[in-house]
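Q: Could you have a look at this structure, given as structure tokens, before my questions?
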Amino acid sequence: MGEERKQQRMETLAVHGGEPRPRPEGSVVFPIYQGTVYAMSPEAGYHDLQYLRLSSTPSQRNLHGRLAALEGGEAAVAASSGMAAITSTLIAHLKQGDHFLAADGLYGGTHDFITERAGELGLSYTLVDAQRPESWAAAVRPETKLFLVETISNPLIRVPPLDEVVTFARARKLVTAIDNTFASPINFQPLKHGFDVCMHSATKYLNGHSDLVAGCVIGSKATVTRVRRTMNLLGGSLDPHAGFLLARGTKTLALRVRAQNETATALARVLAGHPKVEGVNYPGLETHPDHAHARRLLSGFGGMLSFRLRGGLPAVERLLARLEIPYHAPSLGGVETLIVRPAASSHAGLAPEERRRIGVTDDLLRVSCGIEHVDDLVADFRQALDAA
Ligand SMILES: *Cc1c(COP(=O)(O)O)cnc(C)c1O
């Protein structure tokens, strides 16, 4: 059974992975254990307590098993948000005086935590261009401890040379931490590629239904214990009700993400061929600057794409007004297609020149493909583009 289980495919792992069998009382679905605290033996220590904030109660542990199985990790811990997962991981691995490398253009919350709070915690950092490995070595200092990247960047959908990140960091004994939210374990499994710790905003693909906020951290037992004990003190554990919804969401992860990969690929090709579109950012397109290594590293190119519309803001406004299926909203990874203008949302805080410098132009639109029928989505985009 051991060997066979190791070879289970993602669809099977998504339904059964990491869960005890039989589940309690023979229930097909692992139940919600809502209790705050559990009876303990007189000799149990603090770390043996089953208490909700310590993320050690039965439904929480069950969720951790699923998440570890999905990422092929030894252990996992769920968090009350993606940000709780990321900040707890950084705080768990870095101490006063340490320096770390972080990719430029990380998710806004992560970027702000680093630039606004890391210094106050006695940490220093260098933001590096994840696309230019030749620039990394100059940023390393004797006290550099960690390298933080994202699998796929927002909103230009770049894929850094992730294998080079691992090689580079290993040679210098840096911990490699990766935010795998955009890829999901269906398209990339960082731990199998040598990353030390993998984090998610489970709010996005892992849950997939735009109805909760959660995060998680996956890695070796030692790494996850370290993060969990830090998170226990920060108070970032996930409530069992939200955890139940997340566990339910993960069961369809493989089906959803594969459909989203296909839809994004089809939509990217249609957009690329449309006269009103200036350019499309999707790693599945042969024209994408990262296509070659994305093809080698990823098992799917993801459900996220962005494109520039000809005609400036008036055309953008006409397009958004005409689209009938996508919601105009930030966030991503759910079953509903969402479209957003990054210059007015995720990157609104940057000065216009800075936005232009990094390629977040006013006419850039980002799409998170849902699971609607691809032909309906394509037809909707076509009619809206024709009128834009
Ligand atoms: C949304 C997101 C986060 C933050 O997650 P929350 O669940 O909102 O805290 C972090 N990283 C990436 C890449 C995200 O998309």
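The values are calculated or read from the model by the stated rules, or taken from the named source; none is laboratory data. All of these numbers come straight from a predicted model, not from anything done at the bench. Quick reminder, even Gly has a Cβ in these numbers, built from the backbone with ideal geometry, and neighbours come from all protein chains shown.
Q: State the number of residues belonging to the range 232-275 that are touching a strand residue (DSSP E or B) at 6+ places or on another chain (Cβ under 6 Å), touching a residue at least 40 places away in the same chain (Cβ under 8 Å) and either of a type outside the set (Gly, Ala, Ser) or closer than 30 Å to Leu309 by Cα (or both).
A: Number satisfying all stated conditions: 3.
Q: For the range 96-140, how many residues are in a loop (DSSP other than H, G, I, E, B) and surrounded by fewer than 12 Cβ atoms within 10 Å (Cβ to Cβ)? Give the derivation first.
A: Looking only at the range 96-140, we keep the residues that are in a loop (DSSP other than H, G, I, E, B), and these are 96-98, 104-107, 122-123, 129-132, 136, 140.
Filter once more, keeping what is surrounded by fewer than 12 Cβ atoms within 10 Å (Cβ to Cβ): 96-97, 122, 132.
Residues in the range 96-140 being in a loop (DSSP other than H, G, I, E, B) and surrounded by fewer than 12 Cβ atoms within 10 Å (Cβ to Cβ): 4 in total.
Q: Pick from Ile157, Ile114, Ile91: which is closer than 30 Å to Val15 by Cβ and within 16 Å of the ligand (Cβ to nearest atom)?
A: Working: Ile114 fails: closer than 30 Å to Val15 by Cβ; Ile91 fails: closer than 30 Å to Val15 by Cβ.
So the residue among Ile157, Ile114, Ile91 that is closer than 30 Å to Val15 by Cβ and within 16 Å of the ligand (Cβ to nearest atom) is Ile157.
Q: Now, a different point. How many of the residues in the range 173-187 are within 12 Å of the ligand (Cβ to nearest atom) and in contact with a Gly (Cβ under 7 Å, 6 or more places away or on another chain)?
A: Summing the residues that are within 12 Å of the ligand (Cβ to nearest atom) and in contact with a Gly (Cβ under 7 Å, 6 or more places away or on another chain) in the range 173-187 gives 3.
Q: Quick one: is Gly215 touching a helix residue (DSSP H, G or I) at 6+ places or on another chain (Cβ under 6 Å), in contact (Cβ under 8 Å) with a residue 40 or more places away in the chain and not aliphatic (A, V, I, L, M)?
A: Working: touching a helix residue (DSSP H, G or I) at 6+ places or on another chain (Cβ under 6 Å): yes; in contact (Cβ under 8 Å) with a residue 40 or more places away in the chain: yes; not aliphatic (A, V, I, L, M): yes.
Criteria met by Gly215.
Q: Can you give me the number of residues within the range 67-82 that are more than 16 Å from the ligand (Cβ to nearest atom) and in contact with a Ser or Thr (Cβ under 6 Å, 6 or more places away or on another chain)? Quick ask: steps written out before the conclusion?
A: Let us first name the residues in the range 67-82 that are more than 16 Å from the ligand (Cβ to nearest atom), namely 68-70, 72-75.
Then drop every residue that is not in contact with a Ser or Thr (Cβ under 6 Å, 6 or more places away or on another chain), which leaves 74.
So the count comes out to 1.
Q: Only one of these conditions is not met by Pro283: (1) modelled with pLDDT of 95 or more; (2) buried (at least 16 other Cβ atoms within 10 Å of the Cβ); (3) away from the ligand (no atom under 16 Å from the Cβ). Which number is it?
A: (3)
Q: Report, ordered by the first and then the second residue, all pairs with beta carbons closer than 7 Å, sequence separation of six or more or different chains, a first member in the range 70-88 that is acidic (Asp, Glu), and a second member that is more than 8 Å from the ligand (Cβ to nearest atom) and not in a helix (DSSP H, G or I).
A: Final answer for the pair search is Glu71/Gln189; Glu71/Cys198; Glu71/Ile218; Glu74/Ser220.
Q: Within the range 188-219, can you find the residues that are more than 12 Å from the ligand (Cβ to nearest atom) and surrounded by fewer than 24 Cβ atoms within 10 Å (Cβ to Cβ)?
A: Gln189, Leu191, Lys192, His193, Gly194, Asp196, His209, Asp211
Q: Can we say Ala69 is surrounded by 22 or more Cβ atoms within 10 Å (Cβ to Cβ) and either among the β-branched types (Val, Ile, Thr) or part of a helix (DSSP H, G or I) (or both)?
A: Yes; evaluated as a whole, the condition is true for this residue.
Q: Look at Leu319 and say whether it is touching a residue at least 60 places away in the same chain (Cβ under 8 Å) and in a helix (DSSP H, G or I).
A: Details: touching a residue at least 60 places away in the same chain (Cβ under 8 Å): yes; in a helix (DSSP H, G or I): yes.
Answer is yes for this residue.
Q: Pairs please, first residue from the range 94-116 and outside the structural domain of Pro161 (by TED's automatic domain parsing), second anywhere and at pLDDT below 95 and within 11 Å of the ligand (Cβ to nearest atom), Cβ atoms under 9 Å, 6+ apart in sequence or on different chains.
A: Taking only residues 6 or more apart or on different chains, not a single pair turns up.
Q: If I ask for residues that are in contact with a Lys or Arg (Cβ under 6 Å, 6 or more places away or on another chain) and surrounded by fewer than 18 Cβ atoms within 10 Å (Cβ to Cβ), which ones from the range 364-388 would you list?
A: Ala387
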